[in-house]
1. Report whether or not Val163 is of a type in the set (A, V, I, L, M, F, W, C) and over 26 Å from Gly281 (Cβ atoms).
2. Collect the residues in the range 50-95 that are within 21 Å of Glu286 (Cα to Cα), among the hydrophobic types (A, V, I, L, M, F, W, C) and in contact with a strand residue (DSSP E or B) (Cβ under 9 Å, 6 or more places away or on another chain), keeping them in residue-number order.
3. So is Ala282 in contact with a helix residue (DSSP H, G or I) (Cβ under 7 Å, 6 or more places away or on another chain), among the aliphatic types (A, V, I, L, M) and assigned to a loop (DSSP other than H, G, I, E, B) or not?
4. Could you please give the count of residues in the range 25-57 that are under 14 Å from Ala212 (Cβ atoms) and small (Gly, Ala, Ser)?
5. So which residues in the range 187-202 are buried (at least 17 other Cβ atoms within 10 Å of the Cβ), out of contact with any helix residue (DSSP H, G or I) (no Cβ under 7 Å at 6 or more places or on another chain) and not in a helix (DSSP H, G or I), if there are any at all?
6. Can you tell me which residue is surrounded by the fewest Cβ atoms within 10 Å (Cβ to Cβ) among those in the range 246-280 that are more than 21 Å from Glu305 (Cβ to Cβ) and among the basic types (Lys, Arg)?
7. Which one of these is among the aliphatic types (A, V, I, L, M) and not in a helix (DSSP H, G or I): Ile33, Ile53?
8. Residue under question is Thr115, and the condition is that it be over 17 Å from Ala32 (Cα atoms), modelled with pLDDT of 95 or more and surrounded by 15 or more Cβ atoms within 10 Å (Cβ to Cβ); does it hold?
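The values are calculated or read from the model by the stated rules, or taken from the named source; none is laboratory data. Remember, it's a predicted structure, so these values are computed and weren't measured experimentally. For neighbour counting, all protein chains shown are included, and Cβ atoms are generated from backbone atoms with ideal geometry for every residue, glycine included.
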Amino acid sequence: MTALNAKTTGEKPPLRVLLCSPRGFCAGVVRAIDTVEQALTRYGAPIYVRHEIVHNRYVVESLKRKGAIFVEELSEIPDTGAPVIFSAHGVPKSIPAEAQRRNLFAIDATCPLVTKVHREAEIHHKRGRHIVLIGHAGHPEVIGTIGQLPPGAITLVESVDEVATFTPRDPGNLAYATQTTLSVDDTAEIVAALKARFPNIHGPHKEDICYATTNRQEVVKRVAPMVDAMLVVGSPNSSNTQRLKEVAERAGCARAALVQRASEIDWSVFGSIASLGVTAGASAPEVLVEEMIGAFAQCYTVTVETITTADEDMFFPLPRVLRGNEAAE
C-alpha cells in the first residue's frame, strides 16, 4: 500500500513525520515583516518595499494584499511621502543616498546580523585591509555588502577553487566576511582554505553565518539520516532554504525536495515512504508547514514527532521610527 492509491482504496499507510525544531521564521525575518505591517498600520497604504522583504512568495503576496507595493529599484517609486522600506537582506550605500536625495521616507529593515557584517567590513577597510567576501554572486545580501565600500575593496569568493586562484595585492593585509545564510560546512572549508593560504587573514569577531541558519542546518543533519525523505518548505530564491536541502542530501537523505506550497508536492517522490523529515527555511511561515503536513495526512495516517536541537529566544526591535509613539502620525 502506498499513498499514491490511498485515496482510491480508502486505506492510508502509516507515515512517521519528524518535525525539525528550530525551523521557519528567524528574528530578522519577524522584524522585517513586522516593519512592513507596522508601517501599513501607522501610515496606511500604500507603502513601498524595495525588493522582496523576505524571500517567500506567500509572505510577499499577503503583504501585497494589505497594501505593500514591491519594487526592485527606487526609480520605480513616484515622488511620495509614503514609507519606502529596504528589505531584510540589506542594500548598497547608494540606495539610502538616493532615497535621501529624493527626500523619500526611508525605513531600513535590514537584519541586524547583516548590518553587523557591513560594520565589520567598514572597520577592516578603514584599517587598510582588502576584504574577501564568501558568498553567492547576485544574492541581494552580497550585493548590499559589496556596496558598503568603494569598488575593488571587496573580492567575492564562492568556492575553495576560487581561493586557490585569488591573488591579492597585499597577501599580508586581508580580512574575510561571509554571507549570513550559507552552508556552515561549505563555509568552513572555504575559510580553512583562506587561512591555509593567508595565515594572517583577519576574521569576524563572531561568526557571520547567523544563529538561525546554523540552528536549522544542525537539526536537519540530525533528522536527515533517520528518514526516507526530507521536505524543505520555502522558496527557491531563498539562500538559507536552498542550503537546508543540500544539507539534508549530504547528511544521507536520498530524497530531499524544496517545496513552496502543498499543491507542488511531487507524489512520485513522496508517495511511497514510511518516514518524512520536515523543516522550513527562515523566511517560511509556519502556516505553510501545517499546510504540508495536512496534505500528507490526506494520503497517510500521520504521526508527528518534534526533534529539537536548539532553543531560540532571539528578538530584534523594530526600526526606531516605528517603535512606540515615535512615528509621525
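1. Details: of a type in the set (A, V, I, L, M, F, W, C): yes; over 26 Å from Gly281 (Cβ atoms): yes.
Spelling it out, Val163 is indeed of a type in the set (A, V, I, L, M, F, W, C) and over 26 Å from Gly281 (Cβ atoms).
2. Across the range 50-95, the qualifying residues are Ile53, Val60, Leu63.
3. yes
4. 3
5. Our first condition is that a residue be buried (at least 17 other Cβ atoms within 10 Å of the Cβ); within the range 187-202, this holds for 187, 190-191, 193-194, 198, 201-202.
Applying the additional criterion that residues be out of contact with any helix residue (DSSP H, G or I) (no Cβ under 7 Å at 6 or more places or on another chain) yields 187, 191, 198.
Phe198 - this is the single residue of the range 187-202 that is buried (at least 17 other Cβ atoms within 10 Å of the Cβ), out of contact with any helix residue (DSSP H, G or I) (no Cβ under 7 Å at 6 or more places or on another chain) and not in a helix (DSSP H, G or I).
6. Among them, the one singled out is Arg261.
7. Just a single option satisfies the conditions, and that option is Ile53.
8. no
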